[in-house]
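To start, the structure itself, in structure tokens.
What follows is calculated from the coordinates using simple rules that are stated; it is not laboratory data. Since the model is a prediction, treat every value here as computed from it, not as a measurement. Neighbour counts are summed over all protein chains in view; Cβ atoms, including those assigned to glycine, are modelled from backbone coordinates with ideal geometry.
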Amino acid sequence: MVIIKVLAPMAGITNGKFCSNLIPCGFDMVTLGGYNADKASIKAGKEILSRGRPEFDISLENLFPQIEKESHLIKTRAREYDNEIKVSVNLRSLNPDPIIHISQISNVDVVEINAHCRQKELTTIGCGQGLLQDSEFLEDFTREVVNKSEAQVSIKIRANVDGVDEIEIAHIIQDTGCDFIHVDAMKPGFDEADLDVIKKISQSIDTFLIGNNSIKDVESGKKMLEAGANGISIARAAITGKLRFDLSKI
Ligand SMILES: Cc1cc2nc3c(=O)[nH]c(=O)nc-3n(C[C@H](O)[C@H](O)[C@H](O)COP(=O)(O)O)c2cc1C
């Protein structure tokens with residue numbers, strides 16, 4: 001398997017311009033969003049924004065053209081660097097249809113189901129990390145997206161969520177035929193990734209596993225791969241729009 005290096009989503013930050021500026025760092029895939037993609041998540045996003053958290057505030061009608069524009073910008077900039085970068089879009093929704101619709105954008109290579117965000121405005125409506133609490137709904141939702149998507153499908157989950165068995169979730173995701181499982185291996189109270197959970201998931205399923213959390217240098221990136229991840233993703237270490245280490249050394 002070829003290793004892939006991904007710029008992880010950061011709501012309110014990772015738009016087309018931001019992602020484009022990071023192309024020279026050597027990412028294989030950049031992630032736009034997270035965007036709120038249905039009425040319920042857009043309402044939740046406005047509430048999150050109003051308490052000062054970064055968010056993208058885009059109306060339902062404008063979301064598709066906005067993502068068309070952002071993904072086109074990235075692909076155009078990538079051609080200047082002779083780079084075949086993939087564009088992923090991280091989407092929060094309780095309805096699979098907007099995700100399926102966005103998968104039809106020609107410059108979108110991957111649609112990523114957000115089963116990760118833990119802001120209470122999202123989880124109380126069962127969105128983001130809330131999807132992990134209802135494995136039956138998660139399975140049907142993901143299967144619907146996988147069956148109808150014109151792009152590859154990723155799902156981003158958070159590890160170590162109370163009451164959630166990530167190995168069971170990983171098996172469900174594998175059964176749906178999802179192309180990528182993107183795991184934020186957050187270890188509550190620690191400033192490092194939970195590599196044991198990455199190891200366990202990688203030994204349980206064959207789905208391409210993107211390991212995320214606390215990759216801030218070459219060493220932490222290599223450790224994620226040694227634990228069994230097939231790829232890595234980076235968010236906060238790129239939040240300034242620059243990387244302080246050489247991705248090609250991982
Ligand atoms: C400001 C900010 C916004 C974020 N927004 C999202 C989001 O919308 N969707 C998502 O899946 N993850 C989001 N994340 C989580 C990151 O993608 C990543 O999982 C997390 O920061 C851990 O990775 P890191 O240690 O490389 O930062 C966000 C992170 C930050 C710092």
Pairs of alpha-carbon atoms within less than 8 angstrom and 6+ residues apart define the contacts here; what relative contact order does segment 4-249 have, in percent? 17
Would you mind calculating the gained length between residue 248 and residue 219 on full extension (0.36 nm times residue separation, minus the Cα-Cα distance), in nm to one decimal? 9.2 nm
Charges at C-beta only: +1 for Lys and Arg, -1 for Asp and Glu. How large is the resulting dipole of the chain about its Cα centre, in Debye rounded to 20? 960
At residue 59 and residue 174, where each label point lies 7 Å from the Cα along Cα→Cβ, what is the point-to-point distance in nanometres? 4.5
Contact order normalised by residue count of segment 140-250, Cα under 8 Å, 6+ apart, percent: 21
Quick one: net charge around residue 204, please, counting Lys, Arg +1 and Asp, Glu -1 for every other residue with C-beta under 14 Å from its C-beta. -4
Under 29 Å between alpha carbons, and skipping anything fewer than 8 positions from residue 200 in its own chain: which lysines qualify? 5, 86, 120, 156, 187, 216, 222, 223, 249
How big is the charge dipole of segment 85-229 about its Cα centre, in debye rounded to the nearest 20, if each Lys and Arg gets +1 on its Cβ and each Asp and Glu gets -1 on its Cβ? 360
In the chain, if every C-alpha pair distance is counted and binned at 5 Å from zero, what percent goes to each bin? 1, 7, 15, 19, 21, 18, 12, 5, 1, 0
To the nearest 500 deg cm²/dmol, what mean residue ellipticity at 222 nm is calculated for the chain from DSSP H runs of n ≥ 4 alone, each contributing -39,500 (n - 2.57), summed and divided by the residues? -11000 deg cm²/dmol
Full-extension gain in nm, residue 164 to residue 135, via 0.36 nm per residue minus C-alpha separation: 9.5 nm
Most positive-pole-ward Cα, 128, 15, 101, against dipole of the chain from beta carbon charges: 15
According to the square roots a ≥ b ≥ c of the eigenvalues of the Cα gyration tensor, what is the shape class of segment 14-86, taking rounded for a/c under 1.5, prolate for a/b larger than b/c otherwise, and oblate for the remainder? prolate
Please work out the Cα center distance from segment 84-108 to segment 150-221, rounded to the nearest Å. 20
